[in-house]
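Engineer: Have a look at the structure that comes next, please.
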Amino acid sequence: MNRSENVIDVHGLQKRFGDKTVVDGLSLQLREGEIHGFLGPNGSGKTTSIRMLCGLLTPDGGSGRCLGHDVLRESAAIKREVGYMTQRFSLWDDLSIEENLHFVGRMFGVVGRRQRVERALEGLGLGGRRRQLAGTLSGGWKQRLALASCLMHEPRLLLLDEPTAGVDPKARRDFWEEIHRLSAAGITVLVSTHYMDEAERCHRLSYLAYGRLLATGRGAEIVAAQGLSTWAVSGDGVERLSEALRQLPAVEQVASFGTQLHVSGRDATRLQAELARFVAAHGLRMDAARPSLEDVFMHLMQGARDPLER
Amino acid sequence: MTRISLSRWLGILIKEFIQLRRDRLTFGMIVGIPILQLVLFGFAINSDPKHLPTAVVIAEPGPAARAFVAAMQNSGYFDVLGRVSEDQAARALARGEVQFVVSFPPDFQRDLVRGRPVAIAVEADATDPQATGGAVAVLNHLGAELFAPDLPGRRLAAMAPVELRVLRRYNPEGITAYNIVPGLLGVILTLTMVLMTGLAMTRERERGTFENLMATPATPFEVITGKLVPYVLIGLVQVTLVLIAARWIFHVPMLGSIALLYGVVLIFIVANLVLGITFSSIARNQLQAMQMTFFFFLPSMLLSGFMFPFRGMPEWAQAVGSLLPLTHFLVLVRGILLKASGTVLLWPSIWPILLFTCVVLAVGLRTFRRTLD
């Protein structure tokens with residue numbers, strides 16, 4: 001594949017705050033129209049990475065291009081073509097919906113601003129509430145307004161930092177429908193999230209922990225690459241036995257899913273043998289399960305070392 | 001009703017202390033403000049100002065004039081800067097560089113010896129009545145004592161009485177409002193301009209909208225100047241209101257050019273706005289911006305010559321005061337309104353404000369970073 005086709009193509013990006021390395025050697029390639037999920041625990045460097053990609057932060061090391069512009073030197077050009085949605089609602093609470101859109105339109109020098117604002121209001125279904133102050137909107141509406149404002153200047157790349165945090169399931173579903181429509185129209189989307197159902201809606205995923213990229217690829221590829229086998233253990237009193245299960249040598253991870261425990265390990269044969277003995281001893285049952293993305297991510301995170309806890 | 005719990009109450013107390021200790025600026029204020037006030041009120045401020053700069057105009061120096069000048073110096077109220085020409089003296093008085101000009105007539109010594117009536121002219125810059133009152137009283141007393149004709153054994157004993165003609169320039173009736181109301185222009189502008197711009201940027205930061213602003217292609221120049229201009233207009237409206245009140249309520253004389261006044265007001269507004277923006281790029285939140293404004297405002301009020309005579313303060317306090325734009329603005333606004341001074345005459349008070357603006361702007365642009373890192 002030709003490198004220039006990638007909308008984002010960065011190598012070894014690094015960012016330090018003081019003596020703490022927040023992002024360490026991030027390499028990322030995004031193809032046009034791709035929806036790329038950015039996952040990882042809090043403090044893993046997702047927000048910092050996104051800020052470096054949209055020209056808000058200058059990387060301390062590494063190189064690469066975003067929309068064909070150098071991430072180290074051409075941040076102004078990148079800003080003009082990227083739509084960035086911040087983690088926290090960052091439009092102006094004391095401006096009305098309409099005024100916010102006009103302001104953002106002016107900032108980006110949008111041609112035909114009036115029509116763009118009208119179209120955005122129409123798309124939001126907020127035409128009748130255009131004079132309402134943005135601060136008085138509910139979480140879901142704020143999120144939709146923020147997305148609409150990101151799209152005012154028709155960016156080719158959307159960087160969305162946990163856009164659905166604190167938004168109800170219906171609004172989340174609508175939001176993702178919109179993301180897929182945009183993707184179909186050729187807009188590339190990098191979206192960070194903590195929700196596994198959202199991760200599964202992405203074309204490809206990257207998993208970050210402690211500032212390092214631990215895995216990247218399609219969801220199924222990432223799951224397969226870890227070579228994890230997982231069993232669902234269920235039965236009376238199974239909740240109380242998770243600690244005992246963890247003590248088994250082949251068990252690397254135990255996670256509760258409702259009344260079941262997902263028990264995972266890489267050594268499939270030994271895991272099955274040990275579990276069979278355990279299940280028989282405690283009068284439980286075990287069923288083969290497909291390791292989920294979440295199982296895999298938990299496993300990845302356990303394997304990664306926190307540089308601060310060395 | 002819930003009973004009062006000591007441990008709960010202690011919990012709140014301890015939390016409050018911990019937070020107070022973390023908030024360095026508040027902690028600094030708790031300690032700094034009393035110390036600052038003590039130093040300023042205790043040492044810097046003097047409501048009976050002494051050591052007032054005085055210029056002497058003598059055409060032909062003689063023992064009588066020398067004795068009078070020496071007596072003035074010895075009284076402690078006057079610091080005689082030396083002999084100057086009439087023109088120089090007039091300029092120095094208009095610029096506020098000297099508080100008094102003492103002029104001896106050309107034939108002072110001869111006329112005195114021959115017993116002809118003589119007069120010493122004393123011009124006082126009375127824009128601030130507080131600054132001259134004590135010294136003028138001493139002057140009258142000095143003249144009476146030194147040239148008293150009826151005291152035996154005095155070499156200088158004059159045959160005829162020596163008249164001291166004290167001329168209170170610029171504010172002959174000693175009306176305090178003539179001094180205070182123009183001064184208020186500067187005080188109001190200092191407080192509102194620094195505070196409002198200080199809050200303008202920190203508000204964006206606190207609400208998180210700053211990140212959104214920075215993600216747009218807007219340059220720091222566009223952001224800063226775009227944020228300043230509305231406040232320039234607000235400042236001009238404030239000035240106009242105070243001037244209207246000064247003219248029609250307090251009947252303050254307006255002898256100089258109003259256009260020039262608005263010119264220096266503009267320079268002063270910009271100086272304060274630049275300081276406010278710099279505060280806001282240093283401060284982490286709105287509270288800190290307010291605290292910084294207060295730290296700046298307090299010495300501005302007390303050391304600029306607004307509340308207390310500038311020349312009455314010790315030299316170190318005058319040196320600190322000279323760094324503040326308000327000090328120079330007060331000279332400018334009083335000079336234009338009460339003394340009808342022009343640009344050339346006022347230049348020595350204009351450039352320090354411009355210099356202040358440049359220095360603060362350089363600091364501000366360094367701290368204001370386009371990216372968030």
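Engineer: Return the residues of the range B:262-278 that are of a type in the set (A, V, I, L, M, F, W, C) and at pLDDT 90 or above; say none if nothing qualifies. Steps first, answer last, please.
Structural biologist: Taking the range B:262-278 first, the residues of a type in the set (A, V, I, L, M, F, W, C) are B:264-271, B:273-275, B:277.
Across the range B:262-278, the qualifying residues are B:Val264, B:Val265, B:Leu266, B:Ile267, B:Phe268, B:Ile269, B:Val270, B:Ala271, B:Leu273, B:Val274, B:Leu275.
Engineer: Restricting to the range B:272-318, give me the number of residues that are among the acidic types (Asp, Glu) and crowded, with 24+ Cβ neighbours inside 10 Å.
Structural biologist: Qualifying residue count for the region: 0.
Engineer: Return the only residue of B:Gly235, B:Gly208 being over 19 Å from B:Leu365 (Cα atoms) and facing chain A (nearest Cβ under 9 Å).
Structural biologist: Working: B:Gly235 fails: facing chain A (nearest Cβ under 9 Å).
Unique residue meeting the criteria: B:Gly208.
Engineer: Continuing with the same structure: Which of the following residues is out of contact with any helix residue (DSSP H, G or I) (no Cβ under 7 Å at 6 or more places or on another chain) and among the small types (Gly, Ala, Ser): B:Ala283, B:Ala319? Even if it seems obvious, please write down each step before you answer.
Structural biologist: Values: B:Ala283 fails: out of contact with any helix residue (DSSP H, G or I) (no Cβ under 7 Å at 6 or more places or on another chain).
On inspection, the qualifying residue turns out to be B:Ala319.
Engineer: Next up: Identify the residue in the range A:126-170 that is assigned to a loop (DSSP other than H, G, I, E, B) and among the polar types (S, T, N, Q) and, among all such residues, is farthest from the chain's Cα centre (by Cα).
Structural biologist: Of the range A:126-170, the ones assigned to a loop (DSSP other than H, G, I, E, B) are A:126, A:130-132, A:137-138, A:151-156, A:162-168.
Narrowing the set further to residues that are among the polar types (S, T, N, Q) leaves A:132, A:138, A:164.
Numbers: A:Gln132: 31, A:Ser138: 23, A:Thr164: 10 Å.
Going through the qualifying residues, I end up with A:Gln132.
Engineer: Could you pull out every one of the strands (runs of 3 or more DSSP E) wholly within the range A:180-298 that has 2 or more residues that are loosely packed, with under 15 Cβ neighbours inside 10 Å and over 19 Å from the mean Cα position of the chain (by Cα)? It would help to see each step written out before you state the result.
Structural biologist: Details: elements: A:188-192, A:204-209, A:212-217, A:229-234, A:253-257, A:260-265, A:285-289.
Counting at least 2 such residues, we get A:253-257, A:285-289.
Engineer: Still on this model: If you take the residues in the range B:195-214 that are surrounded by fewer than 24 Cβ atoms within 10 Å (Cβ to Cβ) and small (Gly, Ala, Ser), which one is nearest to A:Gly135 (Cα to Cα)?
Structural biologist: If we take residues in the range B:195-214 being surrounded by fewer than 24 Cβ atoms within 10 Å (Cβ to Cβ) and small (Gly, Ala, Ser), then B:Gly208 is nearest to A:Gly135 (Cα to Cα).
Engineer: Something else about it: State all residues of the range B:238-277 that are within 18 Å of B:Gly364 (Cα to Cα) and either of a type in the set (Val, Ile, Thr) or within 19 Å of the chain's Cα centre (by Cα) (or both); if no residue qualifies, say none. Steps first, answer last, please.
Structural biologist: We begin by selecting, within the range B:238-277, every residue within 18 Å of B:Gly364 (Cα to Cα); these are B:267-277.
If the condition is that a residue be within 18 Å of B:Gly364 (Cα to Cα) and either of a type in the set (Val, Ile, Thr) or within 19 Å of the chain's Cα centre (by Cα) (or both), then B:Ile267, B:Phe268, B:Ile269, B:Val270, B:Ala271, B:Asn272, B:Leu273, B:Val274, B:Leu275, B:Ile277 are the ones that fit.
Engineer: Being touching a strand residue (DSSP E or B) at 6+ places or on another chain (Cβ under 9 Å) and of a type in the set (S, T, N, Q) is the filter; apply it to the range A:105-158 and report the residue that is farthest from A:Arg31 (Cα to Cα).
Structural biologist: A:Gln132
Engineer: Quick test of your reading of the structure: B:Ala245 fulfils all but one of (1) crowded, with 16+ Cβ neighbours inside 10 Å; (2) at pLDDT 85 or above. Name the failing condition by number.
Structural biologist: Result: B:Ala245 fails condition (1) only.
Engineer: When you scan the range A:84-96, do you find a residue that is of a type in the set (Asp, Glu), more than 30 Å from A:Ala215 (Cβ to Cβ) and in contact with a helix residue (DSSP H, G or I) (Cβ under 7 Å, 6 or more places away or on another chain), even just one?
Structural biologist: So in the range A:84-96, the residues of a type in the set (Asp, Glu) come out as A:93-94.
Cutting the leftovers down to more than 30 Å from A:Ala215 (Cβ to Cβ) gives us A:93-94.
Checking the rest, the ones that are also in contact with a helix residue (DSSP H, G or I) (Cβ under 7 Å, 6 or more places away or on another chain) come to A:93-94.
For the range A:84-96, residues of a type in the set (Asp, Glu), more than 30 Å from A:Ala215 (Cβ to Cβ) and in contact with a helix residue (DSSP H, G or I) (Cβ under 7 Å, 6 or more places away or on another chain): present.
Engineer: Being in a helix (DSSP H, G or I) and surrounded by fewer than 21 Cβ atoms within 10 Å (Cβ to Cβ) is the filter here; which residues of the range B:95-137 pass it?
Structural biologist: The initial filter retains those residues of the range B:95-137 that are in a helix (DSSP H, G or I), namely B:95, B:108-114, B:129-137.
B:Arg95, B:Gln109, B:Arg110, B:Asp111, B:Val113, B:Arg114, B:Pro129, B:Gln130, B:Gly133, B:Gly134, B:Val136, B:Ala137, listed by residue number.
Engineer: Another question about this same structure. Only one residue in A:Leu158, A:Leu151, A:Leu67 is in contact (Cβ under 8 Å) with a residue 60 or more places away in the chain and either among the charged types (D, E, K, R) or in contact with a Cys (Cβ under 7 Å, 6 or more places away or on another chain) (or both), so which one is that? Break it down stepwise before answering.
Structural biologist: Working: A:Leu151 fails: either among the charged types (D, E, K, R) or in contact with a Cys (Cβ under 7 Å, 6 or more places away or on another chain) (or both); A:Leu67 fails: either among the charged types (D, E, K, R) or in contact with a Cys (Cβ under 7 Å, 6 or more places away or on another chain) (or both).
Of the residues listed, the single one that is in contact (Cβ under 8 Å) with a residue 60 or more places away in the chain and either among the charged types (D, E, K, R) or in contact with a Cys (Cβ under 7 Å, 6 or more places away or on another chain) (or both) is A:Leu158.
Engineer: Further question on the same structure: If we keep just the residues of the range B:211-222 that are in contact (Cβ under 8 Å) with a residue 12 or more places away in the chain and under 18 Å from A:Gly105 (Cβ atoms), which is farthest from the other protein chains (Cβ to nearest Cβ)?
Structural biologist: As a first pass, look at the range B:211-222 and keep what is in contact (Cβ under 8 Å) with a residue 12 or more places away in the chain: B:211, B:214, B:219-220.
Among the residues that remain, those that are also under 18 Å from A:Gly105 (Cβ atoms) are: B:214, B:219.
Working: B:Met214: 6, B:Thr219: 8 Å.
Residue satisfying both the conditions and the ranking: B:Thr219.
The values are calculated or read from the model by the stated rules, or taken from the named source; none is laboratory data. Keep in mind the model is a prediction, meaning the values are calculated, not measured. With ideal geometry, Cβ positions are generated from the backbone for all residues, glycine too; neighbour counts draw on all protein chains shown.
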